[in-house]
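A quick write-up on the structure given underneath.
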Amino acid sequence: MGRTVLLNPGPVNVSEQVRKALVNPDICHREEEFTRLLGSIRARLLQAFAPKAYTSVVFTGSGTAALEAAVAGSVEEGRGLLAVVNGVYGERIARIGRIHRIPVKEIRASWTAWPDLEAIKSALRQEPAIQVVALVHHETTTGLLNPVVEVARLAKRYGKVVLLDSISGLGGEPLDLDAAGVELCVGTANKCLQGLPGLSFVLIRQEEIPRLLAIPPRSLYLSLGENWQSQEKGEPLFTPTIPIAYALDEALAELLDEGVANRSSRFEAASALLREGFERLGLRFLLPPSLRSRTITALHQPDGLPYHTLHDRLKAQGFVIYAGQGALAGQIFRVATMGAVRLDEYRAFLDALALSLR
Ligand SMILES: *Cc1c(COP(=O)(O)O)cnc(C)c1O
């Protein structure tokens, strides 16, 4: 089978070096070889995204595993969670909270707009039991960038902890976590980091650690505090996906080599190229330019051309696009610019798209 270019928002195409890292030697996770590998991953995560003030904890599982660990592990008994919801992933945060019997206040907004900061402010003022304010950095549902700095500033004013789902943001969208005042930031191996799926992580502000360790675990496998404590001693709590860890370590080395800002600019250049092409082809964008991320473009489904037809025509030419989700299913399609994909491949995609729209 030839190369398929993945234009879905993860899992992404990876470099040959990342793929080859999968077949590094067999090791035991209770030996120094794995301690070194885990140490390298955790150090590189901090080097890339959050030096000094932060620490990190890695989970086996896709992004949702680390997200669930962060939500369930950060709200104390008797306190609540405020979830900003303007897409499928904001809804997921709220749902995780409810599953763990955490009181959840949802601030709902249109899926194609920023949340109402005044509504967040009045909820924070009126409900002192809220302890954690959670939001999605980049709403993958639509490709919308949320106002993280503004929401975090409000949360700080009321003394709240900020939990950010940056699973599709880290490595793609510039953000200074420290300056923004984010305490917990969730990421995954296989989106803008260009690793393979199976590992996810939480970056945690050091000062938060004593508070997190005092929260009784709501989950055995996904305990934020206990997993962190064990990893600090150099050992994972449970058997990790070792090949995926090799691949993530290599992917992080490549990210640091390329430079996080350059990585993000590369994705930005790719989306600019595609967006020019989409306009030429007469496609209509879901979001205005001011709300769009660097890595996902959501387009209205052209009249008379069902999603699956468009998808199948493109797949036959070697390109995988992504359907709308939730309330937008059938109405939009999405094209991501994440992963180890060359500009000439994006140009070839535009040609394939032009053919497929006829
Ligand atoms: C991909 C993604 C997730 C996690 O999805 P998984 O399938 O568990 O990796 C969570 N939040 C956002 C914003 C995402 O883009």
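The values are calculated or read from the model by the stated rules, or taken from the named source; none is laboratory data. Since we're looking at a predicted model, the values are computed, not measured. FYI the Cβ positions are ideal-geometry reconstructions off the backbone, even for glycines, and counts take in every protein chain you see.
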(request) Within segment 320-340, identify whether any single residue is among the charged types (D, E, K, R) and surrounded by fewer than 16 Cβ atoms within 10 Å (Cβ to Cβ), and answer yes or no. (result) no
(message) For segment 110-211, give me every one of the helices (runs of 4 or more DSSP H) that falls completely inside it and has 2 or more residues that are polar (S, T, N, Q) and either within 13 Å of the ligand (Cβ to nearest atom) or out of contact with any Pro (no Cβ under 7 Å at 6 or more places or on another chain) (or both).
(response) 117-126
(request) Enumerate the pairs (first residue in segment 198-210 and without any contact (Cβ under 8 Å) to a residue 60 or more places away in the chain and of a type in the set (Asp, Glu); second residue anywhere and within 12 Å of the ligand (Cβ to nearest atom) and part of a helix (DSSP H, G or I)) with beta-carbon separation below 6 Å, excluding pairs fewer than 6 apart on the same chain, so at least 6 apart or on different chains. (result) none
(request) Residues that are at pLDDT 95 or above and within 16 Å of the ligand (Cβ to nearest atom): find the helices (runs of 4 or more DSSP H) completely inside segment 1-72 holding 2 or more of those. (result) 63-72
(request) Go through segment 165-188 residue by residue and tally those that are under 17 Å from residue 68 (Cβ atoms) and under 9 Å from the mean Cα position of the chain (by Cα). (result) 7
(message) Checking residue 337 against (1) touching a helix residue (DSSP H, G or I) at 6+ places or on another chain (Cβ under 9 Å); (2) at pLDDT below 95; (3) not small (Gly, Ala, Ser): exactly one of these is not met. Which one?
(response) (2)
(request) Restrict the check to segment 179-200 and report whether at least one residue is among the hydroxyl-bearing types (Ser, Thr, Tyr) and surrounded by 22 or more Cβ atoms within 10 Å (Cβ to Cβ). (result) yes
(message) Please go through segment 69-91 and give me each residue that is under 15 Å from the mean Cα position of the chain (by Cα) and surrounded by fewer than 21 Cβ atoms within 10 Å (Cβ to Cβ), ordered by number.
(response) 88, 91
(message) Condition first: assigned to a loop (DSSP other than H, G, I, E, B) and of a type in the set (D, E, K, R). Now tell me which residues in segment 73-107 satisfy that.
(response) 76, 77, 79, 101
(message) Being aromatic (Phe, Trp, Tyr) and surrounded by fewer than 24 Cβ atoms within 10 Å (Cβ to Cβ) is the filter here; which residues of segment 201-223 pass it?
(response) 221
